[in-house]
Amino acid sequence: MIEKKIKLNDAYALKTPEDSIKLYKKWAQTYDSDFALDSSYQSPKKISSFFEKYSKNTDTPILDVGAGTGLVGELLNVKGKKEIIGIDISSEMLDQAKLKDCYASLIEADITRKIPLKNNSIGAVVSAGTFTHGHVGPEAFDELLRITKPGGLFVLSINSKVFIKGGFQEKFLKIKDKISSPLFKEFNAHAKHQKERYNEVRIIASIFRKKK
Ligand SMILES: C[S@@+](CC[C@H](N)C(=O)[O-])C[C@H]1O[C@@H](n2cnc3c(N)ncnc32)[C@H](O)[C@@H]1O
């Protein structure tokens, strides 16, 4: 039987962490070619360049949340090898990331639950494509703040369509005393594409630090 190609709408239709495990198990081997390359996916490039712009040498180690096949890790290492930990719920996506040899370690875990990392141990949190429809919501911020060192940097992509509806705006207000005033930078998730569906996807890069 010929398998149907997985599309953006399949990913946006997910509802639970178990749905993510099932979809990304099927998608892992073709994600880079059929999705990232074919759709001119820009988020990993944008997030890593915001990291380059706003980070200091002391923002280490870096945690890549929803690391997937490792597109962010690969780009972060272009300007000098960094200590990057990848975390993802899909073991098959992490298998692909491992092949890129850009992570110091990889953790298979659901970031909406307790994250298996110590308090104040992470220097920076980066993420592309994970805070979006049917994936991870703002509930993960509490655990991410717990594991991040005082002063640690966050560079997160948040899909603009879930920013208010998904409770991210409200969460930023709730945690305002724990973080610096966030910078919000909007960009297109995909470079100009013949498929209008891709051109509609806007991302709000959210950049802030945990207060000291
Ligand atoms: C669209 S992919 C993005 C992958 C990579 N960051 C990129 O930009 O190409 C979303 C990733 O989030 C992961 N994910 C979804 N729900 C998760 C959860 N609850 N905990 C950890 N990872 C999750 C998926 O397994 C998938 O690898």
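The values are calculated or read from the model by the stated rules, or taken from the named source; none is laboratory data. As the structure is a computational prediction, the values presented were derived from the model and not from experiment. Here Cβ is always computed from backbone atoms with ideal geometry, including for glycine, and neighbour counts include all displayed protein chains. Areas reflect the complete protein model, heavy atoms only, side chains present, ligands, DNA and RNA absent. Shrake-Rupley method; radii C 1.70, N 1.55, O 1.52, S 1.80 Å.
Whether any residue in the stretch 83-98 is in contact with a Ser or Thr (Cβ under 9 Å, 6 or more places away or on another chain), among the hydroxyl-bearing types (S, T, Y) and within 12 Å of the ligand (Cβ to nearest atom) is what I want to check.
Looking for residues that are in contact with a Ser or Thr (Cβ under 9 Å, 6 or more places away or on another chain), among the hydroxyl-bearing types (S, T, Y) and within 12 Å of the ligand (Cβ to nearest atom), one finds at least one in the stretch 83-98, hence yes.
Condition (residue is basic (K, R), closer than 22 Å to Y24 by Cα and either touching a Ser or Thr at 6+ places or on another chain (Cβ under 6 Å) or away from the ligand (no atom under 14 Å from the Cβ) (or both)) applied to the stretch 187-197: is it met by at least one residue?
Within the stretch 187-197, one or more residues are basic (K, R), closer than 22 Å to Y24 by Cα and either touching a Ser or Thr at 6+ places or on another chain (Cβ under 6 Å) or away from the ligand (no atom under 14 Å from the Cβ) (or both).
Go through the stretch 86-107 and count every residue that is buried (at least 20 other Cβ atoms within 10 Å of the Cβ) and in a helix (DSSP H, G or I).
4
Would you be able to tell me the number of residues in the stretch 45-62 that are within 21 Å of T148 (Cα to Cα) and within 11 Å of the ligand (Cβ to nearest atom)?
Residues meeting the conditions: 2.
Spot the failing condition for Q194; the list is (1) over 30 Å from D34 (Cα atoms); (2) of a type outside the set (V, I, T); (3) at pLDDT below 95, and only one is missed.
It is condition (1) that Q194 fails.
Scan the stretch 116-123 and tell me whether some residue there is within 14 Å of the chain's Cα centre (by Cα) and polar (S, T, N, Q).
Taking the stretch 116-123 as the starting set, the residues that turn out to be within 14 Å of the chain's Cα centre (by Cα) are none.
Within the stretch 116-123, none of the residues are within 14 Å of the chain's Cα centre (by Cα) and polar (S, T, N, Q).
Can you tell me which residues in the stretch 14-29 are part of a loop (DSSP other than H, G, I, E, B), modelled with pLDDT under 95 and open to solvent by less than 60 Å² (accessible area, probe 1.4 Å)?
If we filter the stretch 14-29 for residues that are part of a loop (DSSP other than H, G, I, E, B), which is where we start, we get 14-16, 28-29.
Then keep just the ones that are modelled with pLDDT under 95; that gives 14-16.
The answer is L14, T16.
Can you say whether R113 is out of contact with any Phe, Trp or Tyr (no Cβ under 7 Å at 6 or more places or on another chain), part of a loop (DSSP other than H, G, I, E, B) and more than 24 Å from Q42 (Cα to Cα), as far as the supplied structure shows? If you could, list the steps in order and put the result at the bottom.
Numbers: out of contact with any Phe, Trp or Tyr (no Cβ under 7 Å at 6 or more places or on another chain): yes; part of a loop (DSSP other than H, G, I, E, B): yes; more than 24 Å from Q42 (Cα to Cα): yes.
Here the answer is yes, as R113 does meet what is asked.
Checking the structure you have, find out if any residue of the stretch 67-82 is touching an Asp or Glu at 6+ places or on another chain (Cβ under 9 Å), within 13 Å of the ligand (Cβ to nearest atom), in contact (Cβ under 8 Å) with a residue 60 or more places away in the chain and outside any loop (DSSP other than H, G, I, E, B).
No, that holds for no residue.
Regarding the stretch 139-162, can at least one residue be identified that is in a loop (DSSP other than H, G, I, E, B) and within 15 Å of the ligand (Cβ to nearest atom)?
Scanning the stretch 139-162 turns up no residue that is in a loop (DSSP other than H, G, I, E, B) and within 15 Å of the ligand (Cβ to nearest atom).
Is there any pair linking a residue in the stretch 167-180 that is aromatic (F, W, Y) to one that is in a helix (DSSP H, G or I), with Cβ under 6 Å and at least six apart or on different chains, and which?
Within 6 Å, the pairs are F168/P138.
Which condition does G129 not pass, out of (1) in a strand (DSSP E or B); (2) in contact with a strand residue (DSSP E or B) (Cβ under 6 Å, 6 or more places away or on another chain); (3) not β-branched (V, I, T), if it passes all the others?
Answer for G129: the failing condition is (2).
Being more than 26 Å from N188 (Cα to Cα) and buried (at least 21 other Cβ atoms within 10 Å of the Cβ) is true for just one of D110, D59. Which residue is that? It would help to see each step written out before you state the result.
On the way: D110 fails: buried (at least 21 other Cβ atoms within 10 Å of the Cβ).
Criteria check complete, one pass: D59.
Take the residues in the stretch 184-212 that are in contact (Cβ under 8 Å) with a residue 60 or more places away in the chain and part of a strand (DSSP E or B); name whichever of them is surrounded by the most Cβ atoms within 10 Å (Cβ to Cβ).
I203
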